[in-house]
Amino acid sequence: MTSTATPAARRVAWRPATVAQIIEETPTARTLVLDVQDWPGHRAGQHVDVRLTAEDGYQAQRSYSIASAPRDVALALTVERLEDGEISSYLCGDVRVGDRFELRGPVGGYFVWDVDDGGPLLLVAGGSGIVPLMAMLRHRASSVTDESTRRALPARLLYSSRRWSDVIYRDELERLVASDPTVQVTHTITREPPQDWTGFRRRIDRAMLVDVAWPPDERPRAYICGPTPLVETVASELAALGHEPAFIRTERFGPTGNP
Amino acid sequence: MALISRGFRGRRPDNATADRLPPGQYETKDFPVLSAGPTPRTSLAQWDFVLRDTDGVTVRWNWDEFSALPRTSLTTDIHCVTKWSKFGTRWEGVSVDTLVGEAAKRGVAATAYVMAMSDGGYTTNVPVADLTQGKGMIAFIYEGEPLDPEHGGPARLLVPHLYFWKSAKWVRELRFMQTDQAGFWESLGYHMYGDPWREQRYTGDP
Amino acid sequence: MTANAGTSDNMRLDGNAAAGLLSEIFARDVTVARATCAGCGRADSIGGLHLYAQDMGAVLRCPGCTAVVVRATRTTTHLWIDATGARWIAMPLT
């Protein structure tokens, strides 16, 4: 039985999810493509709760942002392995195609963007904070195909990573920029930039935002996701620059940087 | 029964630490920070500590007076209801016995229960019998250094034989009560007493 | 979205991270609901409130005055919610 209610209104319940495909994104991040029974659909930016149960009944639960676009056939989560992470070390390690776990969602209708919300779209990511923002870019790419609409809905991503090898969806972002001049991606590599790196090498600060983001009178919709210190800095700098607080949405991952 | 995930084990204690862990706990070498609100920033000049009895009679110490009281130190394991336990933590402070004794001299009468009250509005209830006889202190030194604000500094209640939510951070007052009243977490489903060895996490746990 | 070792000012998350727990009580995604703080009268989406103590439950505070707007926990037998800090909560049906 399928519900006709929109995702925000529908009841959320635990459902079985089967791992259909595993994609190694970086040495520490992996995408799990899932087959979920009766998946009701989601909006870009939402997350799910994942629950693992061991044979003796021990349970653990964590939230992960959805990486796939709403129109994608299969649901995908991108998980970053945390050193001490009970669930992330399983999902980034032992898990195999065919394995199953439980999923609850989608939840988090506050941190979503639909093309109907309009733009310009300003996305600021730190580390694995890129995941829900990538869902937004994928949603935009699949929904906005004609040039004039794209020009009315430009998107800019400012993405902070420690090393070039940590950049998730690197190739896809390059292809996106190459094929769509209304999307701009700016990286800052803060710890070990590559030898020939000519881009930003520091943590995101006001000067970088002035350089990269739209001026406040363009009234961009801003979404900031990543470790709490980055989110705090960017949100307060954007507000200080004059961006409307109501247009700034944040998703803090906590100090560890994991959702 | 929930769906079982092949190969998932989660955190489990090894045999060496298992005896030291209350049921359902795992050892951590970190000191996780868990707060119900923003960290208060009370300067030592503003800080005071109060014992208040059921008639409203109080005894009060400012920071200098409090620091001059006889001190006690303790090395102990601590157990958080969120399942982590940390072994061998070192604390220094003023024992509740000292405070109750001083308070009695000044006409503040102890009763059977206490509500610990903190900057920021946090509260937790503890029987006085679980704070005296060396079982509890107001701690302001952790691992030889002044207690960090994120861990409850300037001073926190330390009652390590109970789940650590009872060790109220940023404590400013112990208010005596005739009967046991629920504090912040206890009024929302957490156990009134909170003995980790009997796994008393929630209301209704035996 | 679990809180682990970290520094003081980094301890809070966004109310959005409590979506899973709150959905068990409200049967809907409550993060888009708007709550009015009983302390100062400020209205916010629940997803935009300041979330603390996520490992113990959820303590959602007003970004303006830091008063507790909603508290929730999940024990082995019950879901608890204290919404006395909200003058009202308005949930969109669609």
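Any read-out appearing in this document is the output of simple, stated calculations on the displayed coordinates, not a laboratory observation. Quick caveat: nothing in here was measured; it's all calculated off a predicted structure. Using ideal geometry, Cβ is built from the backbone for each residue, glycine included, and neighbour counts are taken over all protein chains shown.
Derived value for the stretch A:126-170: Kirkwood hydrodynamic radius 11.8 Å. Basis is the mean of 1/r over every pair of different alpha-carbon atoms. In a reduced charge model with +1 at each Lys and Arg Cβ and -1 at each Asp and Glu Cβ, chain A shows a dipole moment near 320 debye about its Cα centre.
Work out the length of the dipole vector of the protein assembly as shown about its Cα centre, built from +1 on the beta-carbon of each Lys and Arg and -1 on the beta-carbon of each Asp and Glu, and round it to the nearest 20 debye.
560 debye
Treat each spin label as a single point 7 Å out from the Cα along the C-beta direction, and report the A:Arg162 to C:Glu24 distance in nm. Between A:Arg162 and C:Glu24, the label points sit 3.3 nm apart. Over the C-alpha atoms of chain B, the Rg to Rh ratio, Rh being the Kirkwood estimate, stands at 0.99. Entry note, chain A: relative contact order of 18 percent, from Cα contacts under 8 Å with a spacing of 6+ residues.
Shown for B:Met192, A:Met134, B:Met115: other C-beta atoms within 10 Å of each C-beta, ranked fewest to most, produce the order B:Met192, B:Met115, A:Met134. Measuring max minus min along each principal axis, the C-alpha atoms of the stretch A:87-197 give extents of 46, 41, 24 Å (largest first). If both residues of a DSSP beta bridge must be in chain A, then about 55% of such bridges are antiparallel. Toward the positive end of the charge dipole of the stretch A:115-252, with +1 on the Cβ of Lys and Arg and -1 on the Cβ of Asp and Glu, the farthest Cα among A:Leu153, A:Phe247, A:Ile189 is that of A:Ile189.
Note on the stretch B:96-155: Cα convex hull, mean projected area over all directions, 4.8 nm².
Ordering A:Tyr64, A:Gly85, A:Thr26 by Cα displacement along the dipole of the stretch A:14-107 toward the positive end leaves A:Tyr64 in first place; charges were set at the Cβ atoms of Lys, Arg (+1) and Asp, Glu (-1).
Taking every DSSP beta bridge that has both residues in the stretch B:1-122, what percent is antiparallel when rounded to the nearest 5? About 85 percent, rounded to the nearest 5. Here the stretch A:115-252 is treated with +1 on each Lys and Arg Cβ and -1 on each Asp and Glu Cβ, and its dipole about the Cα centre works out to around 320 debye. When the inverse distances between all different Cα atoms of the stretch A:14-107 are averaged and flipped, the Kirkwood radius reads 13.3 angstrom. Divide the volume of the convex hull around the Cα atoms of the stretch B:16-105 by the residue count and you get 163 Å³ per residue.
Taking every DSSP bridge with both residues inside chain B, close to 85 percent are antiparallel. With the convex hull drawn over the C-alpha atoms of chain A, the volume per residue is 133 Å³. Counted over all Cα-Cα pairs of the stretch A:16-62, pairs farther apart than 16 Å make up 58 percent.
Ordering B:Ile78, B:Ile138, A:Ile130 from the fewest to the most neighbouring beta carbons within 10 Å gives B:Ile78, B:Ile138, A:Ile130.
For the pair A:Asp94 and B:Lys83, label points projected 7 Å from Cα toward Cβ lie 1.3 nm apart. Structure remark: mean-square fluctuation, Gaussian network model of chain A, C-alpha springs under 10 Å; the largest value among A:Pro227, A:Pro215, A:Pro120 belongs to A:Pro215. Across q = 0.19 Å⁻¹, the stretch A:143-228 modelled as identical point scatterers on its alpha-carbon atoms has Debye log10 I(q)/I(0) values of -1.00, in the order of the q list. Over every Cα atom in the stretch B:120-206, the radius of gyration and the widest Cα-Cα span, Dmax, amount to 13.0, 39 Å. Simple rule: put +1 on each Lys or Arg Cβ and -1 on each Asp or Glu Cβ in the stretch B:115-157, find the dipole, and look at B:Met115, B:Ile141, B:Gly153; the Cα lying farthest toward the positive end is B:Met115.
Fully extending the segment from C:Thr77 to C:Arg34, taken as 0.36 nm per residue of separation minus the present Cα-Cα distance, adds 12.7 nm.
Treating r as the C-beta distance of B:Gln46 and A:Glu174 and R0 as 60 Å, the FRET efficiency rounds to 0.65.
With neighbours defined as other Cβ atoms within 10 Å of a residue's Cβ, the residues C:Cys62, A:Cys225, A:Cys92 order from fewest to most as A:Cys92, C:Cys62, A:Cys225.
A P(r) calculated from all alpha carbon pairs of chain C, with 5 Å bins opening at zero, reads 3, 15, 26, 26, 17, 9, 2, 0 percent. Extension gain, A:Arg203 to A:Ala74: 0.36 nm times the residue separation minus the Cα-Cα distance gives 43.0 nm. Each 10 Å bin from zero holds the following percent of Cα-Cα pairs in the protein assembly as shown: 3, 17, 26, 25, 17, 9, 3, 0, 0. Assuming a viscosity of 1.306 mPa s and a temperature of 10 °C, what translational diffusion coefficient in µm² per second does Stokes-Einstein assign to the stretch B:36-77, Rh being the Kirkwood radius over Cα pairs? Result for D is 123 µm²/s. Taken over the alpha carbons of the stretch B:1-52 as equal point scatterers, the Debye sum produces base-10 log I(q)/I(0) values at 0.13, 0.17, 0.18, 0.30 Å⁻¹ of -0.68, -0.84, -0.87, -1.18. For the pair C:Ala43 and B:Phe31, a Förster radius of 30 Å applied to the C-beta separation gives a FRET efficiency near 0.20, rounded to the nearest 0.05.
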